[in-house]
Amino acid sequence: MSIALEHAMLAHRVRSQRRARRLLGCLGALVAVALVDLMTGPAMLTVEQVLDALLHGEGTADPMVGIIVHTIRLPMLAMAVIVGASLGLGGAVMQTILGNPLASPYTLGFSAAAGFGAATVILFGLSLPFAPWLTVPLAAFGATAAAAALVYGFARLRGATAEILVLAGIATLFLFQSLQSLLQYLASPEVLQQIVFWLFGSLIKASWSSVAVSGAILAVSLLVLLVHAWPLTALAFGDERARSLGIDVERLRVSMLLVVSLLTAGAVAFVGTIGFVGLVAPHLARILIGDDQRHLLPMSALCGATLMTAAAVVAKVLSPGSVVPIGIVTAVVGVPFLFVLIVRGRSRGE
């Protein structure tokens, strides 16, 4: 074995170990923030109380603590992790297939479409007879699917290039935002309050049923994305490089577009629109671990989950005893964080 090959193998091993340590570090940060989230709320709990409730369930020393943790806070925590991971994954894939650092699930108007679907059923008082709790989520999901179909149809008509997808997404975004504004204009003050609260985003209605649905969507989407990790890595270096390796770039973009629409719909259908997580998390993951999609995708999911959970903690601390929509917190925290990333990139000459 040549000395050059030995050096290359050693460098690869060092990079792999560094990536593994950073993935584990981000996972540890998520666990720590999750523990703080379970402790925080109108009834402040200690670490011992939370761990006792997690280990013993209803058999904890204080039954009220068990109810607070398992019935209220744990579903909200699980939903925050799932939504953050879904948006982080969606943003990473969007930035890769479009080659645009500002891309996120919002770029193609998916979140705006979900908001329009939810606002429609709230305004007209529609309800499913067999499962009323699924009415708003299914409407949001259906509108997101319609937005994906619109972008997909335009891409098939003109070719699924990054530029065409961005333009179609911007047009779709403005279309559904305009329709949202129309519904808000037509709504009564009481209904308008419900619509606006949903559009702000909130974890307050999280339940184990919604966690199961969104979690299943995240798991399936993550498996599909990991299978396509190598083609996505090649696409990150440009269309021509990917085509030279035998990758059908247009087909890959369209299929990944459908996965992102599924992730976005599963993320926002139960909690409302959440901003900046899908934009900031992939940038943070890329700084920590690089562009290899085999590592970037899991890291983006972990960063998104950590950011979302941290935002949930901040929302509780800002207004103890009341509900601050988490979408407001993610936007307020996300803007300065995005400025930091921009300055960091500029200092590197990017």
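For the reader, a short list of remarks on this structure follows.
- Cα lying deepest toward the dipole's positive end in the chain, options Leu252, Val136, Leu173, charges on Cβ: Leu252
- Going from the residue with the fewest nearby Cβ atoms within 10 Å to the one with the most, Met94, Met39 rank Met39, Met94.
- FRET E, pair Phe197, Ala43, Förster distance 22 Å, beta-carbon r, rounded to 0.05: 0.40
- Estimated inter-spin distance, Gln177 and Glu250, nm [label 7 Å along Cα→Cβ]: 3.0 nm
- Summing Cβ point charges (Lys, Arg +1; Asp, Glu -1) relative to the Cα centre of the range 120-261 gives a dipole of roughly 140 debye.
- Charged-residue dipole, Cβ positions (Lys, Arg, Asp, Glu), the chain about Cα centre, Debye nearest 20: 820 debye
- Working from label points 7 Å from Cα in the Cα-to-Cβ sense, the Val317 to Leu157 distance is 4.9 nm.
- Shape of the range 213-350, Cα gyration tensor, a/c cut at 1.5: oblate
- Residue separation of Ala32 and Phe124 scaled by 0.36 nm, minus their Cα-Cα distance, works out to 28.9 nm of gained length.
- Considering only Leu279, Thr264, Ala234, the residue lying farthest towards the positive end of the dipole of the chain is Ala234, judged by Cα position with unit charges set on Cβ.
- Between Leu223 and Gln184, the FRET efficiency from the beta-carbon distance, with R0 = 56 Å, is close to 0.90.
- With R₀ fixed at 35 Å, the C-beta to C-beta distance from Asp62 to Trp230 puts the FRET efficiency at about 0.10.
- Counted by neighbouring Cβ atoms within 10 Å, the residues Ser202, Ser244, Ser261 run from fewest to most as Ser244, Ser202, Ser261.
- Estimated inter-spin distance, Leu54 and Phe339, nm [label 7 Å along Cα→Cβ]: 3.5 nm
- Here percent of Cα pairs over 34 Å apart was computed from the coordinates, and among [x] 31; [y] 28; [z] 24 the match is [y].
Each value in this text was obtained by applying a stated rule to the coordinates, not by laboratory testing. Because the structure is predicted, anything quoted here is derived from the model rather than measured. Please note: Cβ atoms are built from the backbone with ideal geometry, for glycine as well, and neighbour counts cover all protein chains shown.
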